[in-house]
Amino acid sequence: METLLVKRLMDMTFSLFGLLLSSPILLPTLFLVWLQDRHSPFYLASRVGVNGKTFRIVKARSMVINADRSGVDSTAGDDSRITVVGHFIRRFKIDELTQLWNVLRGEMSLVGPRPNVERDVALYTKEEKKLLSVKPGITDLSSIVFSDEGEILKGHPDPDLGYNQLIRPWKSRLGLFYIENQSLWLDLQLTFLTAVAIFAKPLALKGIQKILRRKKVEPLLCQVALREEKLNPYPPPGSVHIVQAR
């Protein structure tokens, strides 16, 4: 309980200062988003949080208006819905900065498993449902390992299926690893490595490897987390079957 209180205090402190410190970058970017089509620079998206409760995540809008009407939730790097300013927002993860508001409100934490859309959560195995036992976070191990999610899905005929076959199996395993090993020290390490990954991802991946190997994680997960090899379809944790439809 004491650890949770300290974590919440850290979340509130860092999110408040984070919003203030990032405002010189965030505010001009939001203005440019508004300028390109005269619509709200924010995108409010439904996500599933702790205990399965849904909430509205706040993002700096990187796509055209009503992009979600296409029915596609996963975004490939060559997605035609991404705007010119949107490519800049995604490259430097500026859409993550606005999520500090969700942290301040208590809907998210700075560090924790990334929240998913309801349609993906509906596919969760019994094992994956453990991911809903903690608050979702702005960053975690998978946010660093798969920071190039758009490039991974680039050219895929079905980005949503591609996400569930290539990324979700490992993203969920990394999320479960975090839950089993969560600590304030791990949160600090991941926060630091997230910043490093923006400018030097290989260095950040080395940091992830140290964390995983120190805890003697299964060799295959360590190998995938290195991101030196092509990702292939794999079953999600708790299943022996590769997802065939989404």
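Entry remark, the range 202-246: residues being assigned to a helix (DSSP H, G or I), touching a Phe, Trp or Tyr at 6+ places or on another chain (Cβ under 9 Å) and either open to solvent by 80 Å² or more (accessible area, probe 1.4 Å) or at pLDDT below 95 (or both) number 0 in total.
Does Lys126 satisfy the condition of being under 22 Å from Pro237 (Cβ atoms), in a loop (DSSP other than H, G, I, E, B) and touching a strand residue (DSSP E or B) at 6+ places or on another chain (Cβ under 6 Å)?
Values: under 22 Å from Pro237 (Cβ atoms): yes; in a loop (DSSP other than H, G, I, E, B): yes; touching a strand residue (DSSP E or B) at 6+ places or on another chain (Cβ under 6 Å): no.
No, not satisfied.
With respect to Lys171, determine if the residue is surrounded by 23 or more Cβ atoms within 10 Å (Cβ to Cβ), in a helix (DSSP H, G or I) and out of contact with any Leu (no Cβ under 7 Å at 6 or more places or on another chain). For Lys171, the condition - surrounded by 23 or more Cβ atoms within 10 Å (Cβ to Cβ), in a helix (DSSP H, G or I) and out of contact with any Leu (no Cβ under 7 Å at 6 or more places or on another chain) - is met. For Val84, indicate whether it is of a type in the set (A, V, I, L, M, F, W, C), over 17 Å from the mean Cα position of the chain (by Cα) and exposed (fewer than 14 other Cβ atoms within 10 Å of the Cβ). Here the answer is yes, as Val84 does meet what is asked.
Which of the helices (runs of 4 or more DSSP H) found entirely inside the range 1-113 contain at least 1 residues meeting this: touching a residue at least 60 places away in the same chain (Cβ under 8 Å) and under 21 Å from Ser133 (Cα atoms)?
2-37, 100-105
Could you list all residues from the range 131-143 that are surrounded by fewer than 23 Cβ atoms within 10 Å (Cβ to Cβ) and either in contact with a helix residue (DSSP H, G or I) (Cβ under 6 Å, 6 or more places away or on another chain) or not in a helix (DSSP H, G or I) (or both)? Answer for the range 131-143, where residues must be surrounded by fewer than 23 Cβ atoms within 10 Å (Cβ to Cβ) and either in contact with a helix residue (DSSP H, G or I) (Cβ under 6 Å, 6 or more places away or on another chain) or not in a helix (DSSP H, G or I) (or both): Leu132, Val134. Going through (1) closer than 28 Å to Gln244 by Cβ; (2) out of contact with any Gly (no Cβ under 8 Å at 6 or more places or on another chain); (3) not charged (D, E, K, R) one by one, Asn51 falls short only on (1).
Against the definition (free of Cβ contacts under 8 Å to residues at least 24 places away in the same chain and part of a loop (DSSP other than H, G, I, E, B)), how does Pro157 come out, yes or no? Reasoning before the result, please.
Details: free of Cβ contacts under 8 Å to residues at least 24 places away in the same chain: yes; part of a loop (DSSP other than H, G, I, E, B): yes.
Yes; evaluated as a whole, the condition is true for this residue.
The values are calculated or read from the model by the stated rules, or taken from the named source; none is laboratory data. This structure is a prediction, so every number in the text was calculated from the model and none was measured. Glycine also receives a Cβ, built like all others from the backbone with ideal geometry; neighbour counts cover every protein chain displayed. Surface accessibility is based on the protein's heavy atoms, side chains included, excluding ligands, DNA and RNA. Shrake-Rupley method; radii C 1.70, N 1.55, O 1.52, S 1.80 Å.
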